[in-house]
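The values are calculated or read from the model by the stated rules, or taken from the named source; none is laboratory data. From a predicted model like this one, the values you see are computed outputs, not experimental measurements. Positions of Cβ are generated from backbone atoms using ideal geometry, with glycine treated the same way; all protein chains shown enter the neighbour counts. For the accessible areas, the whole protein counts, side chains as well, though only heavy atoms, and no ligand, DNA or RNA atoms are used. Shrake-Rupley method; radii C 1.70, N 1.55, O 1.52, S 1.80 Å.
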Amino acid sequence: MEENRAGTYHIPVLLEETLCALDIRPDGLYLDGTAGGGGHSLAIASRLDGGRLIALDQDPDAVREAGARLAGLPAAVVQANFTEMGRVLAEQGLGRADGILLDIGVSSHQLDTPERGFSYHADAPLDMRMSQSGRTAADLVNTLDAQELSSIFYRYGEEKYARPIARAIVEARRTAPVETTGRLADIIREAVPASYRRDGHPARRVFQALRIAVNGELDCLSEALDTAFDCLKPGGRLAVITFHSLEDRMVKQRFAAFCRGCTCPPDFPVCVCGKTPAARLVLRKPAEASAEELERNPRARSAKLRCVEKVHEANRDTEAG
């Protein structure tokens, strides 16, 4: 691994804010559902004395990296999607956790490794698979029709030029399959107005949307939020770091559902549902990167940290709110 890539692999976003929100207990059980390069995991495990950390990641590269960084610490690294955390805890013979961290999205290492196909800054195979298995972005781009592609770009990337970009892709693949990040970026650039190209890279939102679709990220996040809350003991905390509005909106709404009490209509004179809040907000507003952190790591620009503390078990219909 090149030196500059090694350096970017390890930059944990909002590290101090995350540790403070989780309120690490030395003898506690913690789970990092998105180990990445092991930066957050290392900081948590280093604070344990009698406690244990379980770190998960679906990317085999991340599992190797995190495993090397956590060697000798009270931690285990498991290759698994964070939706599987309940199964992993059971297989490890462990009970419910005192704290769970989910750092959502693509890692610096994935972005900075051209052959993984996440970035439009280098020409590489159009892949984008976090687990390195299953359908690639090229599979989607070359098999879905214009309407399906447009829907992905608009829903997951909030791309206002989703339709013309989708039509341009379908037209371009009639000549030859769209198999590289460079060709896709060129197609997108030519499909949007010149004025749009001056407002950041025109491929940014489409690449985000394809990555989310390839990895089923929003569906996995929705499932993982409920699973993580179930895996917490009362008094345990769930911290989630997001990097774009779709993720943050989901986390905000789910946390609000966990914290919601009575759901009776406002005109009821007394409560008949008997529901009480299953959680309380640890952070009233999301924590964001300081100016000092942004200077060190510009990729923290869009990061938001939210955290809740479990009060008691949630009603399942409350969780779905």
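Residues checked against (1) among the β-branched types (Val, Ile, Thr); (2) touching a Ser or Thr at 6+ places or on another chain (Cβ under 9 Å); (3) open to solvent by 30 Å² or more (accessible area, probe 1.4 Å); (4) closer than 14 Å to Ala228 by Cβ:
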| site | (1), (2), (3), (4) |
| --- | --- |
| Asp59 | no, yes, no, no |
| Leu70 | no, yes, no, no |
| Ala76 | no, no, no, no |
| Gln79 | no, yes, yes, no |
| Met85 | no, yes, no, yes |
| Val88 | yes, no, no, yes |
| Leu94 | no, no, yes, no |
| Asp98 | no, no, no, yes |
| Gly105 | no, yes, no, no |
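Annotation note: of Ala124, Ala138, the sole residue that is closer than 30 Å to Arg167 by Cα and buried (at least 20 other Cβ atoms within 10 Å of the Cβ) is Ala138.
Taken over segment 257-279, the criterion of being small (Gly, Ala, Ser) and either open to solvent by 70 Å² or more (accessible area, probe 1.4 Å) or part of a loop (DSSP other than H, G, I, E, B) (or both) is satisfied by Gly261, Gly274, Ala278. Considering Ala68, Ala90, Ala62, the condition of being farther than 19 Å from Ala239 by Cα, within 16 Å of the chain's Cα centre (by Cα) and not charged (D, E, K, R) is satisfied by Ala62 alone.
Residue under question is Arg254, and the condition is that it be farther than 28 Å from Val192 by Cβ and either open to solvent by 30 Å² or more (accessible area, probe 1.4 Å) or part of a helix (DSSP H, G or I) (or both); does it hold? Against the criterion (farther than 28 Å from Val192 by Cβ and either open to solvent by 30 Å² or more (accessible area, probe 1.4 Å) or part of a helix (DSSP H, G or I) (or both)), Arg254 qualifies.
Residue-wise test of (1) open to solvent by 40 Å² or more (accessible area, probe 1.4 Å); (2) more than 28 Å from Glu313 (Cα to Cα).
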| site | (1), (2) |
| --- | --- |
| Ala185 | no, yes |
| Arg198 | yes, yes |
| Leu218 | no, no |
| Phe229 | no, no |
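What is the residue count in segment 287-312 for residues that are touching a residue at least 40 places away in the same chain (Cβ under 8 Å), more than 16 Å from the chain's Cα centre (by Cα) and in a loop (DSSP other than H, G, I, E, B)? Adding up the residues that qualify gives 4. Arg173 passes every criterion in (1) in contact (Cβ under 8 Å) with a residue 24 or more places away in the chain; (2) buried (at least 20 other Cβ atoms within 10 Å of the Cβ) apart from (2).
Scanning segment 211-249 for residues that are in a helix (DSSP H, G or I) and of a type in the set (Ser, Thr, Tyr) gives Ser222, Thr227, Ser245.
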